[in-house]
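Chemist: Can you read through this structure? Questions will come right after.
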Amino acid sequence: MRLQGDSDITEPSLHLEYGNKTVPTSEDDIAAAINNATVEIAGAGKGISDKPITLVVKKKSVPDLTLVDLPGITRVPVEGQPADIYEQISKTIMEYIAPKESIILNVLSATVDFPTCESIRMSRQVDQLGERTLAVVTKSDKAPEGLREKVTMDDVHIGLGYVCVRNRIGDETYAQARIEEEQLFKSHPLLSQIDKSMTGIPVLAERLTQIQASIIAKCLPDIIKKIDDKLNQSMSELNSLPQNLSSVADALKALIRIIKLVRESLANLLVRGEFDEFPDDNSLHGTARIAEMLHKYRAELPEKCPTKEKQFLMEEVGVLQEAKGIRLPNFLPRSAFLTILKNKIDTISHIPRELVNTVWAYVEKIAIQMMLRHCENYPQLKSASQRAIHGLIDRMRDHSCKFVKDMIGMELVSDYTANPDYMNTWVELMKEEEQFRNAIEHHVLPTKITLKAFGDVDVRHLRSHDDVAEQAFDIRMRLTAYWKIVVLRLVDGVALHILHSIKCLVEDELEVELINELLGSNKTGIEKMMEESPATATKRERLKKSVELLKESKDVVASISGSYY
């Protein structure tokens, strides 16, 4: 029930509000109107509902007060009621009495022992000190014996005290009931002993008004702060929305600004390694993640020249046997070296291709994420911008794959390096050639020898290939020395290519691609930007209404605050 004092009104005005309905009623018809509303909401049986029915009463000389009449607690369901009726009612009651702004009006019958009341237990759960709990003792005329002691001693610790009242009987009017109540507490031999500040409906109304005023005064600072916080939040959201673009020039400026923001974010993440925008999201720390990909790529490339042979040098022996020709002996055939080198490089050629695919997939993900972030307020651009980025990344990926293919091809063209480490390593490895030759030529010597680059090896099987064994040894030492040069070129070349390509993408290619896609020959992207999306328009309207309502609320609370302080 919402009481509203109105000094200008001549006749009381009453109506019910429930659902989306407003039903006028009168004082005589209140009970019937509430019953009808209850049937409409909860049915004609004994079901329950948590949907409220509000009785609005506008009347002269009544306090501004809102009372919520909560359902009585039912522990055992009767026929037609849900099995969990106690839990449902308890949940509804707790929802209303839990807020600290609420006054808990605990209605107790004078005929029962107060400590055994379920309502006392529930109110203590949310108001342990009883600071906002007031007890109303009904049926005072039915059990007057000992009532004065019960409300005076306060065994159940009702912080705001007690008010004893007399219930209306039969068809008594409100005025008649108040006269009878006043007479009861004035003339009854036991009830008249109760302090007059603790008896009667008028006292109850006054106490409620005073308590409500006190709680409002206490809660006002917090209410004002919440309104200010919500207002500032709504204003901030409203100001962060894109301005309505009314001209092509404004739309073009907004588009260029978005592209610059995307380029700057990508430069920070993928080129400069500055992560201030996303300090806690490691997935966006581009330079670090790409460095990890390159490190993994380097680890996947075999440090030593790969071989699948079970017997030492038999791969070289087999190639040398097929490279024989009618020519002077003891000349190392270069074709044999290149054939073996090609076989080795073929086994690793897929690794750099996988790397560039992985890197560009990651770059594409970051680029699209940054684009969507900066054009969040212009969802009409998302599809075209993603299409532009996807197309550009595809071309960059194809370019990198071609670069890798050319690198592999160059390694197969010739065995060349200007790196002095090759000769130094080969010379060092060839120092063990005499040990190897002796083990092949002198059958009395052990067939197992130890080589620094290969550990313990058995050369017994090579004694039957003594005509090419020394050449096979020489080829293996050359491959071992040269392989380090090949791996180093593949690592450095691919790494520098990737870094250079990403830099070109961020600083040059991306901006051109986005402008071409979003503007196009007929400037369709600009026209789309000038059409505010339904979602943004709805959000703008909602925020405007919210700001307006919060400002009005702030003014109302300020005026209330002035009346309490």
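Chemist: Being of a type outside the set (Val, Ile, Thr), farther than 30 Å from Ala213 by Cα, assigned by TED's automatic domain parsing to the domain that holds Glu95 and at pLDDT 80 or above: is that true of Asp50 here?
Modeler: Criteria not met by Asp50.
Chemist: Something else now. Pairs needed: first member in segment 128-145, assigned by TED's automatic domain parsing to the domain that holds Met198 and farther than 22 Å from Ala177 by Cα; second member anywhere, of a type in the set (Ser, Thr, Tyr) and buried (at least 16 other Cβ atoms within 10 Å of the Cβ); C-beta distance under 6 Å; at least 6 residues apart or different chains.
Modeler: Cβ pairs passing all conditions: Thr133/Ser123.
Chemist: Residue under question is Met293, and the condition is that it be within 30 Å of Glu364 (Cβ to Cβ) and either touching a residue at least 24 places away in the same chain (Cβ under 8 Å) or surrounded by 16 or more Cβ atoms within 10 Å (Cβ to Cβ) (or both); does it hold?
Modeler: Yes, satisfied.
Chemist: Mind listing just one residue for me: the one in segment 365-393 that is free of Cβ contacts under 8 Å to residues at least 24 places away in the same chain and assigned to a helix (DSSP H, G or I) and, of those, nearest to Leu284 (Cα to Cα)? Spell out the reasoning first.
Modeler: Residues of segment 365-393 free of Cβ contacts under 8 Å to residues at least 24 places away in the same chain: 365, 368, 372, 376, 382-383, 386.
Filter once more, keeping what is assigned to a helix (DSSP H, G or I): 365, 368, 372, 382-383, 386.
Working: Lys365: 10, Ile368: 12, Leu372: 14, Lys382: 20, Ser383: 22, Gln386: 18 Å.
Ranking the candidates gives Lys365 first.
Chemist: Here is a list of conditions, (1) in contact with a Lys or Arg (Cβ under 8 Å, 6 or more places away or on another chain); (2) more than 30 Å from Asp28 (Cα to Cα); (3) part of a helix (DSSP H, G or I), and Arg148 meets all of them except one; can you say which number that is?
Modeler: (1)
Chemist: Among the residues of segment 15-22, is any without any contact (Cβ under 8 Å) to a residue 24 or more places away in the chain, surrounded by 12 or more Cβ atoms within 10 Å (Cβ to Cβ) and in the same structural domain as Arg168 (by TED's automatic domain parsing)?
Modeler: No, segment 15-22 contains no residue that is without any contact (Cβ under 8 Å) to a residue 24 or more places away in the chain, surrounded by 12 or more Cβ atoms within 10 Å (Cβ to Cβ) and in the same structural domain as Arg168 (by TED's automatic domain parsing).
Chemist: Of everything in segment 215-253, what is surrounded by 14 or more Cβ atoms within 10 Å (Cβ to Cβ), of a type in the set (Gly, Ala, Ser) and modelled with pLDDT of 80 or more? Give them in sequence order.
Modeler: Once the filter is applied, which keeps residues that are surrounded by 14 or more Cβ atoms within 10 Å (Cβ to Cβ), of a type in the set (Gly, Ala, Ser) and modelled with pLDDT of 80 or more, segment 215-253 yields only Ser234.
Chemist: Next question, about the same structure. Could you list all residues from segment 91-117 that are of a type outside the set (Ser, Thr, Tyr) and under 42 Å from the mean Cα position of the chain (by Cα)?
Modeler: Lys91, Ile93, Met94, Glu95, Ile97, Ala98, Pro99, Lys100, Glu101, Ile103, Ile104, Leu105
Chemist: Related question: Any residue in segment 312-337 that is farther than 20 Å from His461 by Cα and of a type in the set (D, E, K, R) sitting within a Cβ distance under 8 Å of a residue that is in a loop (DSSP other than H, G, I, E, B) and modelled with pLDDT of 80 or more? List the pairs, counting only those 6 or more apart or interchain.
Modeler: Arg334/Asp415
Chemist: Determine whether segment 282-293 contains at least one residue that is in a loop (DSSP other than H, G, I, E, B) and at pLDDT 90 or above.
Modeler: yes
Chemist: In addition: Out of segment 302-354, which residues are over 26 Å from Thr447 (Cβ atoms), more than 58 Å from the chain's Cα centre (by Cα) and among the charged types (D, E, K, R)?
Modeler: Arg327, Arg334
Chemist: Still on this structure: Glu309 - would you say it is free of Cβ contacts under 8 Å to residues at least 12 places away in the same chain and charged (D, E, K, R)?
Modeler: yes
Chemist: Any idea which of (1) modelled with pLDDT of 90 or more; (2) buried (at least 18 other Cβ atoms within 10 Å of the Cβ) is the one His461 doesn't satisfy?
Modeler: Going through the list (1) modelled with pLDDT of 90 or more; (2) buried (at least 18 other Cβ atoms within 10 Å of the Cβ), His461 breaks only (2).
Chemist: Look at segment 25-65 and say how many of its residues are closer than 17 Å to Met1 by Cβ, surrounded by 14 or more Cβ atoms within 10 Å (Cβ to Cβ) and touching a residue at least 40 places away in the same chain (Cβ under 8 Å).
Modeler: Adding up the residues that qualify gives 9.
Chemist: Do we have Gln212 as assigned to a helix (DSSP H, G or I) and either surrounded by 14 or more Cβ atoms within 10 Å (Cβ to Cβ) or not assigned by TED's automatic domain parsing to the domain that holds Leu108 (or both) here?
Modeler: yes
Chemist: Condition first: of a type in the set (A, V, I, L, M, F, W, C), closer than 17 Å to Tyr482 by Cβ and exposed (fewer than 13 other Cβ atoms within 10 Å of the Cβ). Now tell me which residues in segment 423-448 satisfy that.
Modeler: Across segment 423-448, the qualifying residues are Met423, Val427.
Chemist: Next question. Could you check how many residues of segment 355-397 are among the aromatic types (Phe, Trp, Tyr), crowded, with 18+ Cβ neighbours inside 10 Å and under 23 Å from the mean Cα position of the chain (by Cα)?
Modeler: 1
Chemist: Another question, if that's okay. If a residue has to be part of a helix (DSSP H, G or I) and exposed (fewer than 14 other Cβ atoms within 10 Å of the Cβ) to count, how many in segment 73-93 make the cut?
Modeler: Residues meeting the conditions: 2.
Chemist: Being surrounded by fewer than 18 Cβ atoms within 10 Å (Cβ to Cβ), assigned by TED's automatic domain parsing to the domain that holds Lys150, within 60 Å of the chain's Cα centre (by Cα) and in a helix (DSSP H, G or I) is true for just one of Arg178, Arg168. Which residue is that?
Modeler: Arg178 is the lone residue from the list that is surrounded by fewer than 18 Cβ atoms within 10 Å (Cβ to Cβ), assigned by TED's automatic domain parsing to the domain that holds Lys150, within 60 Å of the chain's Cα centre (by Cα) and in a helix (DSSP H, G or I).
The values are calculated or read from the model by the stated rules, or taken from the named source; none is laboratory data. Since this is a predicted model, take the numbers as computed values, not measurements. With ideal geometry, Cβ positions are generated from the backbone for all residues, glycine too; neighbour counts draw on all protein chains shown.
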